[in-house]
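Visitor: Before I ask anything, let me first share the structure, which is written out below as structure tokens.
The values are calculated or read from the model by the stated rules, or taken from the named source; none is laboratory data. For clarity, every value in this text was computed on a predicted model and none was experimentally measured. We place every Cβ from the backbone using ideal geometry, glycine too, and count neighbours over all the protein chains shown. Remember, those area values only see protein heavy atoms, side chains included, never the ligands or the DNA or RNA. Shrake-Rupley method; radii C 1.70, N 1.55, O 1.52, S 1.80 Å.
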Amino acid sequence: MRPTLRARRARLDPAVRGAREVVGMYGDPDTTWGICLEAHVGAPVDGEDVGDRVAALCAEHPHLGVAPEVAVVAPADWSAARREVASAPYGPSSPLLRLALTDDGTRLLVGAHHGVIDGLGLLAVAGSALGRGLRTRARGIGDRAAPYGFLASSVRRLGEALTDPPARFGGDGEEGSPLEDLSSVTRPRVERGTAHLAHAVLAAHTQSLSRGSSRGTSRRPVLVIGASRRTDDLPQPDRQTAYLRLRVGDATDAARLAPAIAALRPEPDFPETSAGGTAPLAVRLLSSRLGATAMLSNLGLVLGQDLVSLSMFPASSGPRSVAVGLASTTATTTLSLRTRRRDFTAEEHAALVGALTDHFFERPAGAQ
């Protein structure tokens, strides 16, 4: 006899249950809701010290769940470890934080369920793990209110899904593959932000369609941009997420995107529930027409002792998901891409990385 929903919920660790409820009404029922941050530091850290510091953090903040172990990884296995930390499923009693460290102690991976912390919360965990505070120059949207309530917004999004779904990137993928590809490109620091990132994604989208599939060419792209309601430059290990939704044409340049993004109001917060499982079911039925062309996350300029570079990998969510991250230190800027192999082959992923790098670093359109 199958256990009831109430019985299954009762077996969940309370922190796991809380994380799942936070994302229970959101987008993609197939996503694991894993997010991941990679920090490269100039001075090595000790794995035992990292584990002890994060264990203390979990004890101080019970919503983080049980303390994870630190996986020490050889350089040859780093790509596989990054994929595992970012995208492996979260079990009913598994840690909600994940840690991996290169065997020379200079690269740290921190992963988490997005229902527990957001990108800046992940930065706070990384700072604690490294034993130094990581500050960000990024500023949130404060208490800026959504223009519609949850129900009204849901009706609008349903109408869009049926009549005007978002454009998708072109790609063939490998049907049935469970793999994800995560890549990053680090260059000397550039003074470019979210508008430049959005422009690069839109330009890469046009390029993707021109070289391959014509799927969705008559549709307009939709970019979902992660935002925060934080006001402190020293983030806390929690989740204060907001989402901005931008629907524009591919040819929109960065100078025009900057004021358009600044004027956006956030999407309404979702109720912390899965509605008894009916929400994921409804999303699955409309999965090919929901979501966004790409998910964007910009951590801004991050300051910290011995910090060389940061790579941010947002949650992969939605059909033909493309998740793009941006983060800078005083010396470097890193652009990151995350895709699913079932949507994009390894070669298509590499081509998309090249297009994003070209449009962002080499020939961006101007913005303030």
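Visitor: At 1.4 Å probe size, with no ligands or nucleic acids counted, give the accessible surface of ARG220 in Å², nearest ten.
Guide: Answer for ARG220: close to 110 Å² accessible.
Visitor: How large a share of the accessible area of the stretch 82-121, in percent, is made up of carbon and sulfur atoms when the probe is 1.4 Å and the other protein chains stay in place? Numbers along the way, then the final one.
Guide: Values: 540 of 1090 Å².
Within the stretch 82-121, the accessible surface is 50 percent carbon and sulfur.
Visitor: With θ set to phi - 60° and the Karplus curve 6.51 cos²θ - 1.76 cosθ + 1.60, what are the ³J(HN,Hα) couplings of the stretch 41-57 in order, to the nearest whole Hz, using x for Gly and Pro?
Guide: 10, x, 10, x, 10, 8, x, 5, 5, 4, x, 5, 5, 6, 4, 5, 5
Visitor: To continue, here is another question. How many Å² of accessible area per residue for the stretch 61-106, probe 1.4 Å?
Guide: On the way: 2130 Å² over 46 residues.
It amounts to 46 Å² per residue over the stretch 61-106.
Visitor: Which one, VAL73, ILE117, SER94, is farthest towards the positive end of the dipole of the stretch 62-134 when Lys and Arg carry +1 and Asp and Glu -1 on their Cβ?
Guide: Of VAL73, ILE117, SER94, it is ILE117.
Visitor: Starting from the amide H of ALA71, placed 1.01 Å from N in the peptide plane, find each other amide H under 5 Å away whose residue is 5 or more places distant or on another chain.
Guide: LEU99, ALA100, LEU101
Visitor: Take every DSSP beta bridge whose two residues both sit in the stretch 296-368, then give the antiparallel share in percent to the nearest 5.
Guide: Values: 7 of 11 bridges.
Beta bridges within the stretch 296-368, antiparallel portion: roughly 65 percent.
Visitor: If you don't mind, there's one more thing I want to ask. Taking H placed 1.01 Å from N in the peptide plane, check which residues at least 5 places from THR333 or on another chain put their amide H under 5 Å from its amide H.
Guide: Close amide H contacts, sequence-distant or interchain: ARG187, ARG189, VAL190.
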